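Undergrad: To start, I am sharing the structure in question, which I have written as structure tokens.
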Amino acid sequence: MAGRPVTRFAPSPTGLLHLGHAFSALTAAAQGDFHLRIEDIDPDRCRPEYEAAIFEDLAWLGLDWPRPMRQSDRMPAYQDALARLVPLTYPCRCRRGDIRAALSAPQEGALPAGPDGLIYPGTCRHRDLRDAGPDDVIRLDAGRAFDALGLDSIGFTDQGQSHILTRQQFLGGIGDVVLSRRGMGTSYHLAVVVDDAAQGITLVTRGMDLFASTHIHVLLQHLLDLPTPAYLHHRLIRDTAGRRLAKRDDARAIRQYRADGASPDDIRRMVGL
């Protein structure tokens, strides 16, 4: 990358930020020019009070940023991207139970899972978008996507190291991902790719839990003629039992540490910075 990297922190306002979020935001800010994105595409879970807390907590940590991007303002951009992918998509009416049942019979043992859960077996792949119902999701036909690109593999760099996934590895380990969810008009995967390009992000800094999803994002970047940034997937902050922190763990919320008298330097020490 030429020049100073452009990084971002992209929380969802579905709960209070915890120590893991503090580590991710501080790590991103240390790498380059820092941007903030509010990922609020899920209207059922996002709350304005949590968004306000994000701004307060990050400012308290000493971070600043240009005008933040808010995904709920960008639905036309996601719809434009989805329209470009129409030849490679299909509607899907399957629920989790349907997918589990299809994968369970007649095989035995553990069911195949990828970054989005159980790998979709392609039950609705024959359907045409003109047949889409109001409760359907829209999936990407990954096989057709690779055919359209004429690629046998895709990859990205993480901290200078190349990570390659072949077509067969993608089809077998990730499959046909959802690009538009019920009630949202988009999905995390589609929105994050469109937004990273719009914000000019050149270094995506995020947790190792999203590593497997990055191959999905690279495939979408190729399909939409968007640049592929470099990536830095950092370690996760865990509790004393080794579990990854979650928003339901209010005891480790930044707001609670603030109320208990902690300083921003205390937070940095807690997360090993």
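Undergrad: Would you please list the contacts, defined by Cβ atoms under 6 Å and residues six or more apart or on different chains, that run from a residue in region 222-241 that is closer than 22 Å to S162 by Cβ to a residue that is aromatic (F, W, Y) and assigned to a loop (DSSP other than H, G, I, E, B)?
TA: Close Cβ pairs satisfying both conditions: H233/F211.
Undergrad: Something else about it: Residues in region 25-53 that are aliphatic (A, V, I, L, M), over 18 Å from the mean Cα position of the chain (by Cα) and closer than 17 Å to R67 by Cβ: how many? Even if it seems obvious, please write down each step before you answer.
TA: Within region 25-53, the first condition is being aliphatic (A, V, I, L, M), and the residues that meet it are 25-26, 28-30, 36, 38, 41, 52-53.
Checking the rest, the ones that are also over 18 Å from the mean Cα position of the chain (by Cα) come to 26, 29-30, 52-53.
Remaining after also requiring closer than 17 Å to R67 by Cβ: 29, 52.
Residues flagged as aliphatic (A, V, I, L, M), over 18 Å from the mean Cα position of the chain (by Cα) and closer than 17 Å to R67 by Cβ within region 25-53 amount to 2.
Undergrad: For region 169-195, what are the residues that are on the phi < 0 side of the Ramachandran plot and either part of a strand (DSSP E or B) or out of contact with any helix residue (DSSP H, G or I) (no Cβ under 8 Å at 6 or more places or on another chain) (or both)?
TA: Taking region 169-195 first, the residues on the phi < 0 side of the Ramachandran plot are 169-174, 176-182, 184, 186-195.
If the condition is that a residue be on the phi < 0 side of the Ramachandran plot and either part of a strand (DSSP E or B) or out of contact with any helix residue (DSSP H, G or I) (no Cβ under 8 Å at 6 or more places or on another chain) (or both), then Q169, G172, G173, V178, L179, S180, R181, R182, M184, S187, Y188 are the ones that fit.
Undergrad: Separate question: Return the residues of region 143-163 that are assigned to a helix (DSSP H, G or I) and either out of contact with any His (no Cβ under 6 Å at 6 or more places or on another chain) or surrounded by 15 or more Cβ atoms within 10 Å (Cβ to Cβ) (or both); say none if nothing qualifies. Outline the logic, then answer.
TA: Just the residues of region 143-163 that are assigned to a helix (DSSP H, G or I), to begin with: 143-149.
G143, R144, A145, F146, D147, A148, listed by residue number.
Undergrad: Let me ask something additional. State which residue pairs qualify: first residue in the same structural domain as T14 (by the TED database) and inside region 43-59, second residue open to solvent by 90 Å² or more (accessible area, probe 1.4 Å) and in a helix (DSSP H, G or I) in any location, beta carbons under 9 Å apart, and separation of 6 or more residues or different chains.
TA: Listed pairs, sorted by first residue: A53/R255; E56/R255; D57/R255.
Yes or no, residue by residue, for (1) at pLDDT below 95; (2) farther than 28 Å from E56 by Cβ:
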{"residue": "H189", "(1), (2)": "no, yes"}
{"residue": "L203", "(1), (2)": "no, no"}
{"residue": "L224", "(1), (2)": "no, yes"}
{"residue": "P227", "(1), (2)": "no, yes"}
{"residue": "Y231", "(1), (2)": "no, yes"}
{"residue": "R244", "(1), (2)": "yes, no"}
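Undergrad: Please indicate, with yes or no, whether at least one residue in region 194-205 is in contact with a strand residue (DSSP E or B) (Cβ under 9 Å, 6 or more places away or on another chain), closer than 20 Å to L129 by Cβ, open to solvent by less than 10 Å² (accessible area, probe 1.4 Å) and hydroxyl-bearing (S, T, Y). Steps first, please.
TA: Restricting attention to region 194-205, the residues satisfying the condition of being in contact with a strand residue (DSSP E or B) (Cβ under 9 Å, 6 or more places away or on another chain) are 195-196, 198-205.
With closer than 20 Å to L129 by Cβ added as a condition, the list becomes none.
Taking every residue of region 194-205 in turn, none turns out to be in contact with a strand residue (DSSP E or B) (Cβ under 9 Å, 6 or more places away or on another chain), closer than 20 Å to L129 by Cβ, open to solvent by less than 10 Å² (accessible area, probe 1.4 Å) and hydroxyl-bearing (S, T, Y).
Undergrad: Which ones in region 141-161 are closer than 30 Å to Q31 by Cβ and either within 20 Å of the chain's Cα centre (by Cα) or hydrophobic (A, V, I, L, M, F, W, C) (or both)?
TA: Within region 141-161, the subset closer than 30 Å to Q31 by Cβ is 149, 151, 153-161.
Matches in region 141-161: L149, L151, I154, G155, F156, T157, D158, Q159.
Undergrad: Show the residue pairs meeting these rules: Cβ distance below 6 Å; 6+ apart or different chains; first residue within region 159-178 and closer than 10 Å to G143 by Cα; second residue open to solvent by 50 Å² or more (accessible area, probe 1.4 Å).
TA: R167/D152
The values are calculated or read from the model by the stated rules, or taken from the named source; none is laboratory data. The model shown is predicted, which means the values in this text are computed figures rather than measured ones. Quick reminder, even Gly has a Cβ in these numbers, built from the backbone with ideal geometry, and neighbours come from all protein chains shown. Surface accessibility is based on the protein's heavy atoms, side chains included, excluding ligands, DNA and RNA. Shrake-Rupley method; radii C 1.70, N 1.55, O 1.52, S 1.80 Å.
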